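What follows is a set of notes on a single structure, which appears directly below.
The values are calculated or read from the model by the stated rules, or taken from the named source; none is laboratory data. Note that the coordinates shown come from a computational prediction; the quantities given were computed from them, not determined experimentally. Cβ atoms come from the backbone with ideal geometry, glycine included; neighbour counts cover every protein chain shown.
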């Protein structure tokens, strides 16, 4: 006995099989369904743009254009906090201004890993320490800066890795190598 199927049933079955294989039919014309490819393209584009933006922000973070080119010396400052952490360690300190008032400053240094290589530790300075600090101050007048070096009360110096050098020769970095007294 032969089964007789209506034309509608046959078309529905064909349409179902084609749909499962990624094909679509429109007015009798078959075409491959391309939505997945477009979705992949859009997602890929968004990821690439996000990575490029993040890369630009990370690189912009390491510029020194915000700081003055001249070193400013601040004497008899009192350390209020030493934050030993990534991406940069920070020194918070108080300075008396010309009117006798106290101004709170923050100074950025290198990462702990870099500071450790040139002799720093978490205990290098702490709250209450009196120091002299040499730094590159912010151009916008804010009480912030980038460290060059500090001089502790006992006369020992701690340098920043990028701008100050390596007292003690632990990393063999010596910014004054080859200079003579006449060349300063």
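Taking the criterion of being under 16 Å from residue 83 (Cα atoms) and in contact (Cβ under 8 Å) with a residue 40 or more places away in the chain, the residues of region 120-130 that qualify are 122, 124, 125, 126, 127, 128, 129.
Would you check if residue 99 is without any contact (Cβ under 8 Å) to a residue 24 or more places away in the chain and surrounded by fewer than 13 Cβ atoms within 10 Å (Cβ to Cβ)? So residue 99 fits the description; yes. Within region 129-142, being surrounded by fewer than 15 Cβ atoms within 10 Å (Cβ to Cβ) and under 16 Å from residue 79 (Cα atoms) holds for one residue alone: 130.
Residues checked against (1) at pLDDT 95 or above; (2) in contact with a strand residue (DSSP E or B) (Cβ under 8 Å, 6 or more places away or on another chain); (3) in a helix (DSSP H, G or I):
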site	(1), (2), (3)
63	no, no, no
69	no, yes, no
76	no, yes, no
80	yes, yes, no
85	no, no, no
88	no, yes, no
92	yes, yes, no
99	no, no, no
106	yes, yes, no
